[in-house]
1. Output the number of residues of region 318-342 satisfying the condition of being assigned to a loop (DSSP other than H, G, I, E, B) and either of a type outside the set (Gly, Ala, Ser) or more than 13 Å from the chain's Cα centre (by Cα) (or both).
2. Scanning region 293-310 for residues that are open to solvent by 30 Å² or more (accessible area, probe 1.4 Å) and outside any strand (DSSP E or B), which turns out farthest from TYR360 (Cα to Cα)?
3. Restricting to region 391-423, name every residue that is within 18 Å of LEU380 (Cβ to Cβ) and not in a strand (DSSP E or B).
4. Can you run down the residue pairs with Cβ atoms below 6 Å, 6 or more apart or on separate chains, where the first is in region 305-320 and more than 14 Å from VAL261 (Cβ to Cβ) and the partner is of a type in the set (Lys, Arg)?
5. In this structure, does ARG290 turn out to be at pLDDT 95 or above and either among the β-branched types (Val, Ile, Thr) or buried (at least 20 other Cβ atoms within 10 Å of the Cβ) (or both)?
6. What residue, among those in region 69-116 that are part of a helix (DSSP H, G or I) and either at pLDDT 95 or above or of a type in the set (Asp, Glu) (or both), is surrounded by the most Cβ atoms within 10 Å (Cβ to Cβ)?
7. So, of the residues in region 225-242 that are of a type in the set (Val, Ile, Thr) and open to solvent by less than 10 Å² (accessible area, probe 1.4 Å), which turns out to be farthest from the chain's Cα centre (by Cα)?
8. From the set of residues in region 313-358 that are β-branched (Val, Ile, Thr) and surrounded by fewer than 17 Cβ atoms within 10 Å (Cβ to Cβ), which is nearest to THR279 (Cα to Cα)?
Amino acid sequence: MALPSRLVWQPLVVSILVGLVIGGSIVPSSALAPGPGEGAGSQQAKQILSCTTISEPGYYVVQSNITNRSEDSCIRIEASDVTLDANGRTISGVQNETLLEPFRNATNATTVNPTMPDWVNHGVVVGETTQVSNVTISNLIVTDWTYGVAFLNVTRGTVRDVTAERNGNGIAFFQSTESAVSGSTAANNTAGIVLQRVEDTSILKSVVENNSEEVVFTGWTPENNAAGIVVQNAQNVTVAESRAANNSAGVTLYRTTDSTVTENTLYQNTNDGIKLLDTTGVTVSENDVRNTTTYDGIQLRNSSENEVSRNIVRFNSLSGISATDGSENNTIGDNHLVQNGLNGILVFLNSTNNTVTENYAFENAHSGIALVDGADENELTGNVIENTTGGDPFSTQAGYTAGIVINQSSNNLIVDTVTRNNIGWAFYSVDNASQNAVRNFTIARTTRLNTTSPTGKNFTWVDLTETVSFVSRDVGVDINISESLTDPEYGESGLIEPDWEPARIGPYLRVTQTSEDGRIADLSLEWELRPVPTENTMAPSNTTTVNETDSHLRNTIQNPNVIISPRVAERQS
């Protein structure tokens, strides 16, 4: 029997009214409907089945995949106190090269904004037309939009367990505060995660990878681009416990203050692992930065009063850590710099008054630490530099490699530094590098010596060291142990025992001019045999038990008369 017409149409009227009340606009009943269960905060879950606008507080669940949508924006959230739980569902657009190509080719990051007509294409957008707060988006997969997820003018916005792929920008916060991205992945986008003009915001335990297009900042050349995690004009931002791999750059902070980048893993990024541009008061600590393929592990440009500490920086194409373009008053301390392709640490291009302290540099190619092109009035203290290799094209072209290199830089202070087993020179200054003061600078060579008696056969590994202090202009300084051990005046090689009869000689101090004006002054030196440091896991395994305090293993000369000439000049210490 046919139902009366008034009964057939009644459910449709109810559905339309629900859409008017909950959705804020007339939407099909299939788009937004009451859910069967309870949501967050004991609110009844409301199901979303297609693109819509949410304009009332509540707990919303995406009931099924919403795919291949051509709307400007699929889900708009224009209300506070909203949780959108996608329950692992996908919201996808249709990749629109008309939109994405101008986005990729934008001349600088400030032109890329999701409110501009050219970029209004979002998977989910929050606060596009009104300021909102307490909005959470979780368990979502969002693909093929100009912006996967975008927050604008939001307080306490949260993105949790979201995967954003193949978008122009995966996840973005603009002009927002007290917000967080956690447990999320941004992959194969033009830019991964972007925070612009935000405060008190964090990125935690997230993955950013294969975001390899370029986003270039105003006033900087293309090599200063960013693509992985980008933080711009922000304050009090934390990026922690995350992974950035195979991006154009891993993590970039631009004109950002009072922020922290810590406990992240960054590898195989093209330009830099971590980059600070025009930043102040940023701490970069306890990160593992490796295998950057074109530039540096960590780079500071025109950035001041930052701290770079306790990082492991290894296998990067150029320098492990660099401070350049007028970077001032930064502290670079307690980092491990291993097998980087040029320098362990580079202070470069008018970067002054920086403190480089207690770093360990091992097997870097050109130098452990280099001060180059106007890097004046910096202080290097307590650093250990070992096994600089010289195995890079620049060292071959320049004709030198050293533990510490100073090039066209003056009035620097080097204190309590140890260089050990470096190829080339321990210290090398060149091209008007003047008034550089070196204090308590230890040059060590690990070698096997007989340390018992003239007739004994107790050969063991020791550090043959020379500790020097001087002020210099354009000189190379090192010790020569090979010639001192084979001096025909004293016979058999391999013996250094200055209190025996006849006395054996110690190492030579080797000094060379690197320019016609090269000179060394206020020179004092002391040599001794020392145990090979047992904490150095890269030293030979059979170390000595030489007592450092034995006076017969030392010899000290204050202000020796060392004559230097354009050829190598040496003097026994």
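The values are calculated or read from the model by the stated rules, or taken from the named source; none is laboratory data. Because the structure is predicted, anything quoted here is derived from the model rather than measured. Note that each Cβ is placed from the backbone with ideal geometry, even for glycine, and that neighbours are counted across all protein chains shown. Heads up: the accessible areas ignore ligands, DNA and RNA and are worked out on the full protein's heavy atoms, side chains in. Shrake-Rupley method; radii C 1.70, N 1.55, O 1.52, S 1.80 Å.
1. 12
2. My answer is ASN302.
3. THR401, GLN408, SER409, SER410, ASN411, ASN412, ASN422
4. Once the first residue is more than 14 Å from VAL261 (Cβ to Cβ) and sits in region 305-320, its partners that are of a type in the set (Lys, Arg) give ARG314/ARG290; PHE315/ARG290.
5. Here the answer is yes, as ARG290 does meet what is asked.
6. Ranking the qualifying residues of region 69-116, first place goes to GLU101.
7. Going through the qualifying residues, I end up with VAL237.
8. Here the residue is THR331.
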